[in-house]
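Written below as structure tokens is the structure these notes are about.
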Amino acid sequence: MTETRPHPRKSPYPLWFFIPAAIIYGVLFLFPTISSLWYSLTRWDLSTAQFIGLENFQQFFSEPFLVKGLVNTLIYAVTTSGLKTVCGLLLAVLLTSNIFARGFLRTLVFFPVLVSTIGIGITFTVMMHPTKGIINVTLETLGMPGPGWLTNPALALFSVALVDVWKGVGLATLIFIAGLAAISPDYYEAARIDGATRLQQFFRITLPLVRPATVIVVTLSLIGGLRSFDLIWAMTRGGPGFSSDVIASVIYKQYQAGFYGLSTAGNVILFALIAVIILPFTLWFNRREVEE
Amino acid sequence: MTHRIKLILAGASALLAFKASPSHAESTLSFLIDNNPDTVAAAEALVAAYQAKVPDVTIEIEPRAGGGEGDNIIKTRLATGEMSDVFLYNSGSLLQALKPAQTLVDLSGLESQVKVDEGFKSVVRADGKLYGVPFGTAMAGGILYNRKIYQDLGLTVPKTWADFMANNAKVKTSGKVAVAQTYRDTWTSQLFVLADYYNLHAVVPNFAADYTANKAKYAETPAATKGFERLKDVHDAGLMNEDFGAASYDDGLRMVATGEAAHYPMLSFAIGAIKQNYPENLADVGFFAQPSDDAQTNGLTVWMPPALYIPLTSQHAEEAKKFVDFAGSVEGCKIMVETNTVQGPPLIDGCDLPADVPPAVKDMLPYFEAKGKTTPALEFVSPVKGPALEQITVEVGSGIRQPAEAAKLYDEDVRKQAKQLGLPNW
């Protein structure tokens, strides 16, 4: 068999060198993954598990709110990811230009990333209170009555998404700043000599060359958005009613109710969903990169 | 994944605990309770009194979160063998979900059980054995009302839903909030449905059994759908506080105690929280049963208190039993009644209510004294309670979903629960 194929390059490390890492990987990742696949096929009360085939999956898909949760998850992921990418890039361009107090402003943008999500959730819940919250009180004094940010079923999901963007845009900005720093200033100098405007420079040089950073930001924020849970839970608990439920909160509710097998099945579905969306996306992006 | 890790950690810590367990002369019991201030106060008083009697036992109280999160903690810790020596948890359907016969110590033989009320025993019993002793008094679901507003507006306690809505209209005209609703804490939205069970039971006496056997449905039983319709009535008449979607349980208590609102549908355990947070207003709060369509039908839906349990994994089961026996005795009951706020009649024979109970409790007593004026809530007579009820009632109460549709949806939710419990006929 080895005769027909080119000989693989021999690793400088002996095989046993990998054993500790393999054990850690096996215990912490491989075993839980396989056992959760098994538990998703059972009716499980943490002490006994009874095999019931695909009934959990069937139940999960007949859950009246799974479809809503699914749609909400996609809306949430696309909204947050899109806004984080656009705002992150614009902020990064601003914060790499020669502006006043640049270091301070960079810190200011990055600061929300460091604060606990639950803390932010609670703070914004107070600020978005329909009658006593600072946002609506301010709007009221300006003569514009504010909406029920978190209590209006049509608005709740987007209010949380906006807070998520506010919290996460610092990280996107940071990645974009690193990406912008990697672009050689020669390009801009050449463009300036050719008489390109600032706008032309942005669309013809910055945007194409910052592509690797864009791919990272979009991928990370999309994955983050698809499995987002903590902020939604802290701010609305999926409510009012079920209007801001996402897959992760539906799964958590099944855990709370003691339906452990069912919620594990939900996790398997979430895993599959993320894989199905992210895998082709990254493949496509990477191929484009190689082509260029 | 985390459950696996927890299991491993639990195993390791169990080994350590085994090695480090103290000699028998002095033992330390762990005691897990919920973090409700009233519960903490009662547990502390109980522990202090017991330690004064039995000095060589130390009891460490550990508070936990309430609600669904608390259920999760209890179930996980029981399953992983990390449960404390004594723990406080609901009786009724939630207890049955713990599979008491497989996880808990049989407490039938305790001396204190002789004086415990039979109604209570029925909700901590499994396979003919008793697994818990009561912690606190019975309570009821109904409507807390502000007596000052009633006096000022010349209102009388309503017996029918029409009277109730007429009262609400008068309160609204006076510029006050007629019905406080607090959907930030979603569980508070269920009361109009759950407290309506006395009325449902009066019309359809077999409902609980048929419902458990998958023969009766909320959507197909008009008397059962009524609870959802009550929510809609109140919403559609514009009787609620403006910020009902964001208000919390504590906001509701403040509103009804201080006279911002006339009514707050709630369990009578709220009297304890009012005593803690608004002691000067305690005398202004009264209580009545949820009105029905017919003045002849007027009674209370009753909730049993939680109970103390000992897990089979306890290393100090004998000491724990003695402590639990003390808690269930007349002496233990008296300590709790004195420290804790009384939320209804005690369930231990010989443990009488003090003379100065809050007016809201006094309002409840006639129902308990009369025959047939109380019925245990559905969750104590049937093991099925759908977990999404609180979200569904928020939707109906906010005008997002119609009652008939909500009842149908709840039936779906119940079906899932019954299947998970592995009940026959589902």
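The values are calculated or read from the model by the stated rules, or taken from the named source; none is laboratory data. Every value quoted in this text rests on a predicted model; they were computed, and no experiment measured them. Counting neighbours? That spans all protein chains shown, and the Cβs are built from the backbone with ideal geometry, glycine included. The protein model used for the area step is the full one, side chains on, heavy atoms only, and it has no ligands, DNA or RNA in it. Shrake-Rupley method; radii C 1.70, N 1.55, O 1.52, S 1.80 Å.
Worth a mention:
- Residues being more than 30 Å from A:I52 (Cα to Cα) and surrounded by 17 or more Cβ atoms within 10 Å (Cβ to Cβ) - total across segment B:363-399: 13
- Scanning segment B:131-150 for residues that are open to solvent by less than 20 Å² (accessible area, probe 1.4 Å) and part of a helix (DSSP H, G or I) returns B:I149, B:Y150.
- Test: residue in segment A:165-184 that is surrounded by fewer than 16 Cβ atoms within 10 Å (Cβ to Cβ), farther than 21 Å from A:V109 by Cβ and modelled with pLDDT of 90 or more: yes
- None of B:P387, B:P424 is under 27 Å from A:Q58 (Cα atoms), within 14 Å of another protein chain (Cβ to nearest Cβ) and at pLDDT below 90 except B:P387.
- Count of segment A:36-60 residues, restricted to those that are within 13 Å of another protein chain (Cβ to nearest Cβ), open to solvent by 30 Å² or more (accessible area, probe 1.4 Å), in contact (Cβ under 8 Å) with a residue 24 or more places away in the chain and not in a loop (DSSP other than H, G, I, E, B), is 5.
- Test: residue in segment A:140-155 that is at pLDDT below 90 and either of a type in the set (A, V, I, L, M, F, W, C) or outside any loop (DSSP other than H, G, I, E, B) (or both): yes
- Close pairs from segment A:117-140: first within 11 Å of another protein chain (Cβ to nearest Cβ), partner exposed (fewer than 15 other Cβ atoms within 10 Å of the Cβ) and part of a loop (DSSP other than H, G, I, E, B), Cβ under 6 Å, at least 6 apart: A:T131/B:E242
- The single residue among B:T375, B:T393, B:T341 that is farther than 30 Å from B:E44 by Cα, under 17 Å from the mean Cα position of the chain (by Cα) and of a type in the set (S, T, Y) turns out to be B:T375.
- Reported count of residues in segment B:120-174, each being of a type in the set (S, T, Y) and within 21 Å of B:N199 (Cβ to Cβ), is 3.
- Taken together, A:T85, A:T80, A:T73, A:T33 contain a single residue that is part of a helix (DSSP H, G or I) and in contact with a Leu (Cβ under 7 Å, 6 or more places away or on another chain), which is A:T73.
- Matching residues, segment A:19-29, being within 11 Å of chain B (Cβ to nearest Cβ) and either open to solvent by less than 100 Å² (accessible area, probe 1.4 Å) or of a type in the set (S, T, Y) (or both): A:V27, A:L28
- Scanning segment B:400-410 for residues that are in contact (Cβ under 8 Å) with a residue 40 or more places away in the chain, surrounded by fewer than 20 Cβ atoms within 10 Å (Cβ to Cβ) and within 11 Å of chain A (Cβ to nearest Cβ) returns a single hit, B:K408.
- Of the residues A:R204, A:R227, A:R237, A:R211, the single one that is more than 12 Å from chain B (Cβ to nearest Cβ) and under 30 Å from B:R401 (Cα atoms) is A:R227.
- The set of residues in segment A:149-163 that are closer than 16 Å to B:G399 by Cβ and either more than 14 Å from chain B (Cβ to nearest Cβ) or surrounded by fewer than 24 Cβ atoms within 10 Å (Cβ to Cβ) (or both) comprises A:N152, A:P153, A:A154, A:L155.
- Filter pass, B:L94 being modelled with pLDDT of 95 or more and not assigned by TED's automatic domain parsing to the domain that holds B:A388: no
- Residue match in segment B:251-263 (condition: away from chain A (no Cβ under 14 Å) and assigned to a loop (DSSP other than H, G, I, E, B)): yes
- A:V67 vs. criteria hydrophobic (A, V, I, L, M, F, W, C), modelled with pLDDT of 90 or more and open to solvent by 60 Å² or more (accessible area, probe 1.4 Å): no
- Inspection of segment A:277-285 identifies no residue that is under 21 Å from the mean Cα position of the chain (by Cα), within 14 Å of chain B (Cβ to nearest Cβ), touching a residue at least 24 places away in the same chain (Cβ under 8 Å) and open to solvent by less than 30 Å² (accessible area, probe 1.4 Å).
- Search result, residues across segment B:44-103 that are open to solvent by 20 Å² or more (accessible area, probe 1.4 Å), within 13 Å of chain A (Cβ to nearest Cβ) and hydrophobic (A, V, I, L, M, F, W, C): B:A65, B:I73, B:L78, B:A79, B:L94, B:A97, B:A101
- Residue-level check: of (1) part of a loop (DSSP other than H, G, I, E, B); (2) touching a residue at least 12 places away in the same chain (Cβ under 8 Å); (3) open to solvent by 40 Å² or more (accessible area, probe 1.4 Å), A:G195 misses just (2).
- Top-ranked residue of segment A:240-263 - restricted to ones that are more than 10 Å from chain B (Cβ to nearest Cβ) and not in a helix (DSSP H, G or I), ranked as surrounded by the fewest Cβ atoms within 10 Å (Cβ to Cβ): A:S244
- Residue in segment A:79-102 that is nearest to the chain's Cα centre (by Cα), counting only those that are open to solvent by 50 Å² or more (accessible area, probe 1.4 Å) and of a type outside the set (A, V, I, L, M, F, W, C): A:T96
- Segment B:218-237: number of residues that are open to solvent by less than 40 Å² (accessible area, probe 1.4 Å) and either outside the structural domain of B:I274 (by TED's automatic domain parsing) or not hydrophobic (A, V, I, L, M, F, W, C) (or both): 5
- Qualifying residue in segment B:274-281 (condition: closer than 19 Å to B:F192 by Cα, of a type in the set (V, I, T) and either in contact with a strand residue (DSSP E or B) (Cβ under 7 Å, 6 or more places away or on another chain) or within 14 Å of another protein chain (Cβ to nearest Cβ) (or both)): no
- For the criterion of being open to solvent by 60 Å² or more (accessible area, probe 1.4 Å), of a type in the set (S, T, N, Q) and under 22 Å from the mean Cα position of the chain (by Cα), A:S116 passes.
- Taking (1) without any contact (Cβ under 8 Å) to a residue 60 or more places away in the chain; (2) surrounded by fewer than 22 Cβ atoms within 10 Å (Cβ to Cβ) in turn, B:E260 satisfies each apart from (1).
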